[in-house]
Every structure is written in C-alpha cells, then in structure tokens.
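*Asks:* Submitted below is the structure of interest, expressed as structure tokens.
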Amino acid sequence: MKLLTAMAALVAVTLPMVACSTGTMTTDQPLVDSAVDLVAPGTVNVGDAPVTDRTREVVRIAQTLYTFWNTGDTAYLDRAVDPGFVDNTLPPGRPQGPAGPVAASNTFRAAVPDLTCELADLYVTGDTFTARLIFRGHFTGTYDGRTGAGQPIDFGAIDIQHVGDARIDADWHLEDNLTFLQQAELVAVG
C-alpha cells in the first residue's frame with residue numbers, strides 16, 4: 001500500500017512537470033522572426049493572450065509586409081498579401097488588391113528614393129495586427145510634377161491588417177500625408 005501511495009505521489013508530481021516542460025518549450029520559441037532580411041519591430045504587444053504558433057505567424061507576416069515597405073521589393077508583398085486582398089481605405093485612383101500597395105510604394109519611392117519604413121510598434125490580437133510605422137528619407141525625386149531638393153521626410157502611419165488562412169486579406173490604414181507634403185514643401189505650413 002505504501003508503494004502504491006508513493007507511486008501515485010510520484011506520478012502526481014511528474015505529470016505536471018512533463019506538461020510544464022512541454023509548454024515551456026513552445027513558449028520559449030521567439031515571437032519575432034530574426035531573419036536578417038526582415039524588419040524587426042521595435043516592440044511587440046500581445047496583451048494577456050498566450051503566444052501560439054499562430055501569433056508567431058502573424059508577427060512574421062507583419063515583418064514581411066513592412067520589409068516590402070522598407071525595401072520596395074514586391075517579393076515580400078507577394079509573401080505577405082493574399083491575391084484577394086481588400087484595401088478598406090482605398091484612396092481615389094489607387095487600384096484595389098495587391099496592385100494598390102505596389103502603386104503606393106512606387107509613387108512614394110519616385111519622390112523619396114531612399115524611403116525606409118520602421119515598424120515601431122506591433123500589436124497582435126488574434127488574426128489581426130495593428131502597426132505604428134515611421135517612414136523616413138529625403139525628397140530628392142519627383143512628386144506631382146515637382147522635384148525635391150533633398151528635404152528630410154519623417155512621417156507616421158497606422159495600419160490595421162487582418163490575416164486570413166496564410167496571408168493578409170484585408171487592411172485599414174491612415175498615413176500622415178499632410179506632414180509628408182509639408183516636409184516636402186509641397187503645401188504651405190500653417
């Protein structure tokens with residue numbers, strides 16, 4: 001009887017330890033993909049939600065999308081955005097679907113050839129992420145028929161992106177275009 005009681009106590013102690021160590025191995029995996037070609041977020045916030053493989057996938061997709069914005073390389077956009085992608089805040093004249101971000105990137109890069117995108121903050125909530133971005137560079141190109149004189153550019157944006165089965169399928173975004181236009185001296189300040 002003492003042997004059965006001792007074995008039961010050992011099992012009662014051992015099973016939770018095995019369960020904990022399995023869970024620990026999962027949560028010990030990094031949340032951010034450290035691949036050198038991907039932008040790294042300044043901060044990542046998942047709130048009180050547990051970090052899962054899906055959370056890591058959503059973070060990696062965000063990193064991939066903003067690597068496109070940082071480099072202009074459409075291979076990253078293709079990996080991040082679904083072919084059926086819908087822009088819910090589509091500006092007039094911009095094409096719907098994945099062609100929209102390509103057109104926006106080309107327009108900005110024509111004006112600011114050294115454009116960079118910093119993923120300052122990333123908030124993940126299930127299949128949705130919100131990003132605070134900072135775009136920087138110099139207005140040395142052409143925008144709306146006007147050529148820049150090297151004016152420094154530094155403006156923010158907020159994105160909300162929904163990740164479907166494997167890629168982003170919908171977004172909502174707001175860029176501080178007025179600051180860009182003021183910094184590029186395309187509109188008067190004040």
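*Asks:* Taking only Cα atoms, what is the 0 to 90° angle, nearest 10, from helix 99-111's long axis to the longest principal axis of the chain?
*Replies:* With both axes taken from Cα atoms, the answer is about 50 degrees.
*Asks:* Under a crude label model (7 Å from the Cα following the beta-carbon direction), how far is residue 140 from residue 28 in nanometres?
*Replies:* 4.7 nm
*Asks:* OK, next. Multiply the residue separation of residue 125 and residue 166 by 0.36 nm, subtract the distance between their alpha-carbon atoms, and state the gained length in nm to one decimal.
*Replies:* 13.2 nm
*Asks:* What's the angle, to the nearest 10 degrees (0 to 90), between helix 2-27's Cα axis and the longest principal axis of the chain?
*Replies:* Tilt relative to the chain: about 10 degrees.
*Asks:* A further question on this structure: If each of residue 99 and residue 49 carries a label point 7 Å out from its Cα toward its Cβ, how far apart are those two points in nm?
*Replies:* 3.3 nm
*Asks:* Continuing with the same structure: Find the relative contact order for the chain and round it to a whole percent, using C-alpha pairs within less than 8 Å whose residues are 6+ positions apart.
*Replies:* 18 percent
*Asks:* Relative to the present Cα-Cα distance, how much length would full extension add between residue 181 and residue 88 at 0.36 nm per residue of separation?
*Replies:* The span from residue 181 to residue 88 would gain 31.2 nm if fully extended.
*Asks:* Of 143, 123, which has the most accessible area and how do the rest follow, probe 1.4 Å?
*Replies:* If we order 143, 123 from most to least accessible, we get 123, 143.
*Asks:* Amide H neighbours of residue 81 under 5 Å, counting only residues 5+ apart in sequence or on other chains, H built in-plane at 1.01 Å?
*Replies:* Amide H neighbours of residue 81, under 5 Å, 5+ apart: 168.
*Asks:* Using only the alpha-carbon atoms, how far is helix 53-71 inclined from the longest principal axis of the chain? Give it as 0 to 90 degrees, nearest 10.
*Replies:* Here the helix axis deviates by roughly 20 degrees.
*Asks:* Per DSSP helix of 4 or more residues, -39500 (n - 2.57); summed, then divided by the residues of the chain. What does that give at 222 nm, rounded to the nearest 500?
*Replies:* -12500 deg cm²/dmol
The values are calculated or read from the model by the stated rules, or taken from the named source; none is laboratory data. This structure is a prediction, so every number in the text was calculated from the model and none was measured. Positions of Cβ are backbone-derived with ideal geometry, glycine not excepted, and every protein chain shown enters the neighbour counts. Calculation scope for accessible area: heavy atoms of the full protein, side chains included, ligands and nucleic acids excluded. Shrake-Rupley method; radii C 1.70, N 1.55, O 1.52, S 1.80 Å.
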